[in-house]
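One structure is given here, and the rest of the page talks about it.
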Amino acid sequence: MNEVISSLFSRKSMRAYDGKAIAESEKGLIVQAAIQAPTAGNQVLYTILEIEDQAIKDRLAILCDNQPFIARAPLVLVFLADCRKWLDAYRYAGIEARKPGLGDLVLAIEDAMIAAQNAVMAAHSLGIGSCYIGDILENKEETASLLGLDEYVLPATMLVFGYPTEQQQKREKPKRFDEKYIVRKNRYSRLGEGELRNMFAEVHAEDGYSFEGYLQAFCARKYMSDFAREMDRSVGTYLEAFSAEPTEGPVTPGRRGSWGMKA
């Protein structure tokens, strides 16, 4: 197993940091690694916010389900799916461009998340831990105001970074589901009840959980939770600006390819 593959297997989320500052040179490497990520049509459909203001960090920690470690992280980056800057560029060039639609937003989210993962692995290679914060999608009204977001800009994810404590370094990485439950050949197919039971048993049975017990607890704690419902509401509000314009039917792709091709 080479060094890159080994790092992918060993990386895990880190939520407690030792207080050591991250050098500006290392911050720069993390950001530059993010920018090297594949991007649709080389458009770089994202903006990265480095949150330096402690008051903003403190508020984000509360808005993202009251997670104090966010406020204590020495580096906080918010990856924005940004459909505004290209729209402005078109208009400055005198082009009457359509407003961004859902397809444009999805491409921008892809760009932002690919860049974020580059940042995560760059940090890991430097001995810096990280944690994704999907809860940045909640509380749209206050979060958008706090971060100064435009109507065509959505926070795809937030990442917090820091040098992990010894306890975090020694913490075992959660076991993943086996490949046979994840990879399908050519066409999608649903997993049957027996497969799903086996999938969960192989990961959670050793922890003393039954299939029903684990799923009932997880569903109540996550899927049916107030914060999950708030995220659904909040994301729906973000999406209102991207309602698709009607078309006459499928549009034949141009000879030069698709925006979805990553450069």
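The values are calculated or read from the model by the stated rules, or taken from the named source; none is laboratory data. On a predicted model such as this, the values are computed, not experimentally measured, just so you know. Virtual Cβ from ideal backbone geometry, glycine too; neighbours counted across all protein chains shown. For accessibility, only protein heavy atoms count, side chains too; no ligands or nucleic acids. Shrake-Rupley method; radii C 1.70, N 1.55, O 1.52, S 1.80 Å.
Identify the residue in the stretch 62-84 that is touching a Phe, Trp or Tyr at 6+ places or on another chain (Cβ under 9 Å) and part of a helix (DSSP H, G or I) and, among all such residues, is surrounded by the fewest Cβ atoms within 10 Å (Cβ to Cβ).
PHE69
Considering LEU147, LEU137, which residue is open to solvent by 10 Å² or more (accessible area, probe 1.4 Å), out of contact with any helix residue (DSSP H, G or I) (no Cβ under 7 Å at 6 or more places or on another chain) and at pLDDT 95 or above?
Numbers: LEU137 fails: out of contact with any helix residue (DSSP H, G or I) (no Cβ under 7 Å at 6 or more places or on another chain).
Selected residue: LEU147, the only one of LEU147, LEU137 that is open to solvent by 10 Å² or more (accessible area, probe 1.4 Å), out of contact with any helix residue (DSSP H, G or I) (no Cβ under 7 Å at 6 or more places or on another chain) and at pLDDT 95 or above.
With the condition kept exactly as written, say whether any residue in the stretch 202-218 is under 28 Å from HIS124 (Cβ atoms), modelled with pLDDT of 95 or more and more than 24 Å from the chain's Cα centre (by Cα). Even if it seems obvious, please write down each step before you answer.
Looking only at the stretch 202-218, we keep the residues that are under 28 Å from HIS124 (Cβ atoms), and these are 202-204, 206-207, 218.
If we keep only those that are modelled with pLDDT of 95 or more too, we end up with none.
The answer is no, given that none of the residues of the stretch 202-218 is under 28 Å from HIS124 (Cβ atoms), modelled with pLDDT of 95 or more and more than 24 Å from the chain's Cα centre (by Cα).
Can you find, within the stretch 1-59, the residue that is farthest from GLY129 (Cα to Cα) among those that are among the acidic types (Asp, Glu) and in contact (Cβ under 8 Å) with a residue 24 or more places away in the chain? Explain how you work it out, then say what you get.
Filtering the stretch 1-59 for residues among the acidic types (Asp, Glu) gives 3, 18, 24, 26, 50, 52-53, 58.
Filter again for in contact (Cβ under 8 Å) with a residue 24 or more places away in the chain, leaving 18, 26, 50.
Values: ASP18: 11, GLU26: 12, GLU50: 16 Å.
Checking each candidate, the answer is GLU50.
Within the stretch 60-103, work out how many residues are among the β-branched types (Val, Ile, Thr) and free of Cβ contacts under 8 Å to residues at least 12 places away in the same chain.
First, the residues of the stretch 60-103 that are among the β-branched types (Val, Ile, Thr): 62, 70, 76, 78, 95.
Then drop every residue that is not free of Cβ contacts under 8 Å to residues at least 12 places away in the same chain, which leaves 62, 95.
Residues that pass the stated criteria total 2.
With the requirement that a residue be charged (D, E, K, R) and closer than 12 Å to TYR214 by Cα, what does the stretch 185-202 give you? Spell out how you get there, then give the answer.
Applying the first criterion (charged (D, E, K, R)) to the stretch 185-202 yields 185, 187, 190, 193, 195, 197, 202.
Residue satisfying the conditions is ARG197 alone.
List pairs: first residue in the stretch 185-205 and over 12 Å from LYS175 (Cα atoms) and open to solvent by 50 Å² or more (accessible area, probe 1.4 Å), second residue assigned to a helix (DSSP H, G or I) and modelled with pLDDT of 95 or more anywhere in the structure, Cβ distance under 9 angstrom, at least six positions apart or on different chains.
GLU195/LYS180; GLU195/TYR181; LEU196/TYR181; ASN198/TYR181
A quick yes/no check of all residues on (1) in contact with a Leu (Cβ under 8 Å, 6 or more places away or on another chain); (2) open to solvent by less than 30 Å² (accessible area, probe 1.4 Å); (3) closer than 25 Å to TYR163 by Cβ; (4) β-branched (Val, Ile, Thr):
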position	(1), (2), (3), (4)
ALA16	no, no, yes, no
GLN36	no, no, yes, no
LEU49	yes, no, yes, no
ASP88	no, no, no, no
GLY101	no, yes, no, no
LEU105	yes, yes, no, no
MET113	no, no, yes, no
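Given the residues ALA119, ALA123, which is the only one that is in contact with a Ser or Thr (Cβ under 6 Å, 6 or more places away or on another chain), open to solvent by less than 40 Å² (accessible area, probe 1.4 Å), under 30 Å from SER225 (Cβ atoms) and not polar (S, T, N, Q)?
On the way: ALA119 fails: in contact with a Ser or Thr (Cβ under 6 Å, 6 or more places away or on another chain).
On inspection, the qualifying residue turns out to be ALA123.
If we keep just the residues of the stretch 1-57 that are in a loop (DSSP other than H, G, I, E, B) and among the acidic types (Asp, Glu), which is farthest from the chain's Cα centre (by Cα)? First the steps, then the outcome.
Step one: of the stretch 1-57, the residues in a loop (DSSP other than H, G, I, E, B) are 1-2, 11-16, 18-23, 36-39, 41-45, 51-53.
From what is left, the residues that are among the acidic types (Asp, Glu) are 18, 52-53.
Numbers: ASP18: 24, GLU52: 20, ASP53: 22 Å.
The selected residue is ASP18.
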